[in-house]
Amino acid sequence: MWEVVEERRAQIMRALSEGADSAVQWAEIEQAASRLKSGGLVAFPTETVYGLGACAWNAEAIRQVFVCKGRPADNPLIVHLSHPSEISSFALEIPASAVRLIHAFWPGPLTLILPKKPEVLDLLTGGLDSVALRMPAHPVALALIEASGPLVAPSANRSGRPSPTHPAHVRHDLGPDVMVIGDAPCTYGLESTVLDLTTTPAILCRPGHLGAQELSAVLGEPVVSMTSALDGHAPRSPGMKYTHYSPNAEVRWAKPSIHPPSRTLWLVHSSVATVASKDIVATVASEDIAVVDYAGDFVQMARELYDRFRQADLEGRPCVWIEPLPPPPHDGVIAALFNRITKAIG
Ligand code: TXA
Ligand code: MG
């Protein structure tokens, strides 16, 4: 039933057997899996951000995940799978819409919310009657989950901080006692798209690289954004109500007429000339203002956003200024950037 997914999975896994230090990586993955199976926590890379893994059936380990992150108990976790056949352990049913999306996008940055089986731990779902499932497109993540069984894996940051896109970010937030495997930055840099399939139409709870248009093209039905679905009701995805992704530096949208304070980190997606007057640009260098110009490459901007936030803090920069994004409607990576930046601004 899942041949297409299996082919993509095999393709991704090939990176592990062909890598120069493949023996070291396998040994590390085995060690990590045995730690997880005995109830420990392990941070591991995915294609989006680093996750803090714990066995999805171990209540005490899941409790430790909430403690380690300082995460509110009503914010449910995503279960990470190494194969779609594992869905049936967690979800009551796999609707046709889910099958279509999985064939198109798994392994990949898409989390699906489905009605949960009664045996799924309440701790994991924050008491909701649904469960979030995802199959990551990263060889280390897939190998680890295959060896350990399904894992809950929230982003491996302290709650409220930017998600980690590099092992150094995990160590900074969670300290030296948490085992971290993997050594490379993440491909996407922003968290997965979260799509709620327990309602019709499906609701986009968290925008990601994979946008509403791509999803609805596969579904053959519209996908509505959470803001339009909310309509005065409580957030469907509890995580979306908390302040998120914030560095200590103040994040704000740049204004053409205002000079940024000295030592600002200034992120520009088009060119400095479009976000500031000539006078301002002329004085920028003398005030140690760091300008990063993405020259229209929003994918690269997304990949680096959280790392830039953390860089500002490490360099003691008080402000991160960001050139306003193109006007809505947004979708895909620009929608995801807009969502994360708006939340970081708070
Ligand atoms: O890319 C990702 O998804 C990363 C990597 C590590 O896989 N994980 C991640 O997990 O971002 P976390 O815990 O930081 O974010 C999970 C989001 C939260 O916004 C949470 O509220 C939502 O998914 N969520 C989880 N279960 C849900 C459910 N049953 N209904 C609605 N939203 C749910
Ligand atoms: Mg998170």
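The values are calculated or read from the model by the stated rules, or taken from the named source; none is laboratory data. Values in this document were obtained by computation on a predicted structure and should not be read as measured data. A quick note on method: Cβ atoms are made from the backbone with ideal geometry, for glycine too, and the neighbour counts reach across all protein chains shown.
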For segment 60-69, does any single residue satisfy the condition of being in contact (Cβ under 8 Å) with a residue 12 or more places away in the chain and over 22 Å from the mean Cα position of the chain (by Cα)? yes
Quick check on my filter: what residues within segment 28-51 are farther than 22 Å from SER17 by Cα and more than 8 Å from ligand 1 (Cβ to nearest atom)? ARG35, LEU36, LYS37, SER38, GLY39, GLY40, LEU41
Testing ASP173 on (1) surrounded by 17 or more Cβ atoms within 10 Å (Cβ to Cβ); (2) assigned to a helix (DSSP H, G or I); (3) more than 16 Å from ligand 2 (Cβ to nearest atom), one condition comes back false. Which one is that? (3)
Here is a check on your reading of the model: is ALA137 assigned to a loop (DSSP other than H, G, I, E, B) and more than 16 Å from ligand 2 (Cβ to nearest atom)? yes
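For (1) within 16 Å of ligand 2 (Cβ to nearest atom); (2) not β-branched (Val, Ile, Thr), each residue gets a yes or a no:
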site	(1), (2)
GLY19	no, yes
ALA32	no, yes
ASN58	no, yes
ILE62	yes, no
LYS69	yes, yes
PRO84	no, yes
So which of PRO150, PRO162, PRO201, PRO207 ends up being away from ligand 2 (no atom under 15 Å from the Cβ), over 15 Å from ALA54 (Cα atoms) and not assigned by TED's automatic domain parsing to the domain that holds ASP297? PRO201
Test ALA254 against the criterion of being farther than 25 Å from GLY160 by Cα, of a type in the set (A, V, I, L, M, F, W, C) and not assigned by TED's automatic domain parsing to the domain that holds THR125, and give yes or no. no
Given the residues LEU190, LEU114, LEU144, LEU124, which is the only one that is in a loop (DSSP other than H, G, I, E, B) and either without any contact (Cβ under 8 Å) to a residue 60 or more places away in the chain or not assigned by TED's automatic domain parsing to the domain that holds ARG308 (or both)? LEU190
Out of everything in segment 325-346 that is under 22 Å from the mean Cα position of the chain (by Cα) and closer than 18 Å to THR274 by Cβ, what residue ends up being surrounded by the most Cβ atoms within 10 Å (Cβ to Cβ)? LEU337
Filter segment 295-340 for residues that are at positive phi and of a type in the set (A, V, I, L, M) and give the result. ALA295
Flag if GLU86 is part of a helix (DSSP H, G or I), among the charged types (D, E, K, R) and farther than 24 Å from ASN157 by Cβ: yes
Just to verify a result, which residue in segment 96-134, among those that are β-branched (Val, Ile, Thr) and away from ligand 2 (no atom under 16 Å from the Cβ), is surrounded by the fewest Cβ atoms within 10 Å (Cβ to Cβ)? VAL99
